[in-house]
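Asker: Here's a structure for you.
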Amino acid sequence: MRRILAAMSGPGPDPEHARAAMVEDQLRRRGIHDARVLEAMGAIPRELFVPESYRREAYWDEALPIEAGQTISQPFMVARMTEDLAVDPGDRILEIGTGSGYQAAVLARMGAHVTSLERQAALIPLARARIEALAPTLTGSVEIREADGSLGDPDGAPWDGIIVTAAAPDVPDGLRDQLRDGGRLVIPIGPRDHQLLTVVTRDGDEWHERSDGYCVFVPLIGPGGFEG
């Protein structure tokens, strides 16, 4: 954190150095090993995905407020979920909860084709503008749609991976069913105040679950999540 504070202080913030410090101190040293995840998060300018008043805090080791009462996840959590998803170039990924667009940008940088569903209409033009500004640096693509993502997108199934950036009380059956054989679902599961990051892998007509530690996310609102 000291290196990040130093990089973002002084006469003008230095996001490039802060980004490099984030990757080294918050990600690599805490067990993120996938070189492609590290490269993507070292390349995507996180400061563009937070409100201007939070630009200096963009690389801090914490979640930050964004528009519409939502949050951008802690950098380590973004990296952890991305590593758990095990994305390959060309994979079709369904994201539930676009938020700022940062998670989708990281996945697209890794070559995924992301369909992102967001229920908060106010967030969509902001996220689209950020993604469009970065499009030349992304080897994948991002499509953002307004929708209740709690039931997924069965018309686009089967998906190579599904990532949910909001918490549900249980793993929604509809999302599990939309995975291809061998696909993965990464989702926070638990009550509103704390959850376990859960990784679900499909093996034919069986689904295997494992936990990847505790987390805290905003609730997933809708039939597949919590009541509003």
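Asker: Determine the per residue accessible area of the chain with all protein chains present and a 1.4 angstrom probe, expressed in square angstrom.
Answerer: That works out to 44 Å² per residue.
Asker: So, one more: Where nothing but the Cβ of Lys and Arg (+1) and of Asp and Glu (-1) is charged, how large is the charge dipole of the chain around its Cα centre, in debye to the nearest 20?
Answerer: The dipole of the chain has a size of about 800 debye.
Asker: Farthest toward the dipole's positive end in the chain, which of ILE221, GLN70, VAL50, given Cβ charges of +1 (Lys, Arg) and -1 (Asp, Glu) about the Cα centre?
Answerer: VAL50
Asker: Further question on the same structure: What residues have an amide H closer than 5 Å to that of ILE93, excluding those fewer than 5 places away on the same chain, when H is modeled at 1.01 Å from N in the peptide plane?
Answerer: HIS113, VAL114, THR115
Asker: Once amide H atoms are built 1.01 Å from N in the peptide plane, which residues 5 or more positions from THR71, or in another chain, come under 5 Å H to H?
Answerer: Under 5 Å from the amide H of THR71 lie the amide H atoms of ILE66, each far enough along the sequence or on another chain.
Asker: Can you list residues whose amide H is under 5 Å from GLY182's amide H, if they're 5+ apart or on another chain and H is modeled 1.01 Å from N?
Answerer: It is ARG202, ASP203, GLY204, by chain and number.
Asker: Mind running the shape call on the stretch 1-132? Use the C-alpha gyration tensor, a ≥ b ≥ c as the square roots of the eigenvalues: rounded below 1.5 for a/c, prolate if a/b tops b/c, oblate otherwise.
Answerer: Cα axes put the stretch 1-132 in the oblate bin.
Asker: With the contact rule set at Cα under 8 Å and sequence spacing of 6 or more, what percent relative contact order holds for the chain?
Answerer: 14 percent
Asker: While we're on this one: If I model a spin label as a point 7 Å beyond the Cα along the Cα-Cβ vector, how far apart are those points for ALA35 and GLU206 in nm?
Answerer: For the pair ALA35/GLU206, the computed spacing is 3.4 nm.
Asker: I want to check the label-to-label distance for HIS17 and ASP173. Put each point 7 Å from Cα in the C-beta direction and report it in nm to one decimal.
Answerer: For HIS17 paired with ASP173, the spin-label model returns 5.6 nm.
Asker: For n ≥ 4 DSSP H runs only, could you compute -39500 (n - 2.57) per run for the chain, divide by its residues and tell me the 222 nm figure to the nearest 500? Could the numbers behind the result be given before it?
Answerer: On the way: 7 runs with 58 residues, N = 228.
For the chain, the value works out to -7000 deg cm²/dmol.
Asker: Rounding to the nearest 20 debye, state how big the charge dipole of the stretch 79-147 is about its Cα centre with +1 on each Lys and Arg Cβ and -1 on each Asp and Glu Cβ.
Answerer: 180 debye
Asker: Could you calculate the contour length gain from ASP181 to ASP193, that is, 0.36 nm times the residue separation minus the distance between their Cα atoms, to one decimal place in nm?
Answerer: Separation in residues times 0.36 nm, less the Cα-Cα distance, equals 1.1 nm.
Asker: Can I ask one more? Charges at C-beta only: +1 for Lys and Arg, -1 for Asp and Glu. How large is the resulting dipole of the stretch 148-192 about its Cα centre, in Debye rounded to 20? Please list the in-between numbers first.
Answerer: Numbers: 4 positive and 8 negative charges, 49 e Å.
So the dipole magnitude of the stretch 148-192 works out to roughly 240 debye.
Asker: Tell me, what HN-Hα J-couplings in whole Hz come from the Karplus equation 6.51 cos²θ - 1.76 cosθ + 1.60 at θ = phi - 60° for each residue of the stretch 163-170, using x for Gly and Pro?
Answerer: After applying 6.51 cos²θ - 1.76 cosθ + 1.60, I find 10, 10, 9, 8, 8, 10, x, 8 Hz.
Asker: In whole Hz and in residue order, list the ³J(HN,Hα) couplings for the stretch 54-59 that follow from phi through the Karplus curve 6.51 cos²θ - 1.76 cosθ + 1.60, θ = phi - 60°; x for Gly and Pro.
Answerer: Ordered by residue, 3J(HN,Hα) equals 10, 4, 5, 9, 4, 9 Hz.
Asker: Hand me the GluC sites (Glu not before Pro) from the stretch 98-156 located in a DSSP loop with no more than 10 other Cβ atoms within 10 Å, in residue order please.
Answerer: none
The values are calculated or read from the model by the stated rules, or taken from the named source; none is laboratory data. None of these values were measured; they are calculated from a predicted model. Because the Cβ atoms are built from the backbone with ideal geometry, glycine has one as well, and the counts that use them run over all protein chains shown. Remember, those area values only see protein heavy atoms, side chains included, never the ligands or the DNA or RNA. Shrake-Rupley method; radii C 1.70, N 1.55, O 1.52, S 1.80 Å.
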